[in-house]
Amino acid sequence: MNWINLEQAVQLEDIKKESHEQPVMIFKHSTRCSISGMAIDRLTRNWKDAETAHIKPYYLDLINFRDISNQIAQEFGVQHESPQVILVKDGKAIYDNSHMGISYKDILSESSS
């Protein structure tokens with residue numbers, strides 16, 4: 001996967017704009033949590049570039065950038081969780097899930113609708 005690191009709050013405006021051109025996925029990862037480690041590992045093992053070329057993936061290190069995580073919750077109207085995947089399309093969160101509910105197939109399905 002070619003993650004784009006989400007490290008500045010101003011990037012959220014870019015994400016909103018980009019989401020009008022293609023779906024954008026934000027993965028919020030806690031580097032201290034084993035469940036988060038399993039979730040990101042499972043997602044990256046299933047990720048196939050040929051199937052996901054239309055999705056722009058962002059990675060947020062939740063431990064180092066908690067303030068951005070809080071802003072994501074506020075901007076997109078989703079409850080903060082960790083790990084968490086949020087799919088943004090046309091400036092709005094159209095899908096979010098956390099923990100073992102994070103599903104590659106769901107992300108593909110939601111990003112194509």
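The values are calculated or read from the model by the stated rules, or taken from the named source; none is laboratory data. Everything numeric here is computed off the predicted structure, so don't read it as measured data. Note: ideal-geometry Cβ built from the backbone for every residue, glycine included; neighbour counts use all protein chains shown. Remember, those area values only see protein heavy atoms, side chains included, never the ligands or the DNA or RNA. Shrake-Rupley method; radii C 1.70, N 1.55, O 1.52, S 1.80 Å.
Points to keep in mind about this one:
- Counted residues, segment 79-91 - those being modelled with pLDDT of 95 or more and in contact with an Asp or Glu (Cβ under 9 Å, 6 or more places away or on another chain): 6
- The residues of segment 1-41 that are in a loop (DSSP other than H, G, I, E, B) and more than 15 Å from Ser69 (Cα to Cα), listed by number, are Met1, Asn2, Trp3, Ser19, His20, Glu21, Gln22, Pro23, Arg32, Cys33.
- Taking segment 17-41 as the range and being out of contact with any strand residue (DSSP E or B) (no Cβ under 7 Å at 6 or more places or on another chain) and either among the β-branched types (Val, Ile, Thr) or open to solvent by less than 70 Å² (accessible area, probe 1.4 Å) (or both) as the test, the residues that pass are Ser30, Cys33, Ile35, Gly37, Ala39.
- Residues (closer than 20 Å to Ile94 by Cβ and within 12 Å of the chain's Cα centre (by Cα)) located in segment 40-66: Leu43, Ile55, Lys56, Pro57, Tyr58, Tyr59, Leu60
- Of the helices (runs of 4 or more DSSP H) lying entirely inside segment 43-112, those containing at least 3 residues that are free of Cβ contacts under 8 Å to residues at least 24 places away in the same chain and surrounded by 15 or more Cβ atoms within 10 Å (Cβ to Cβ) span 66-76.
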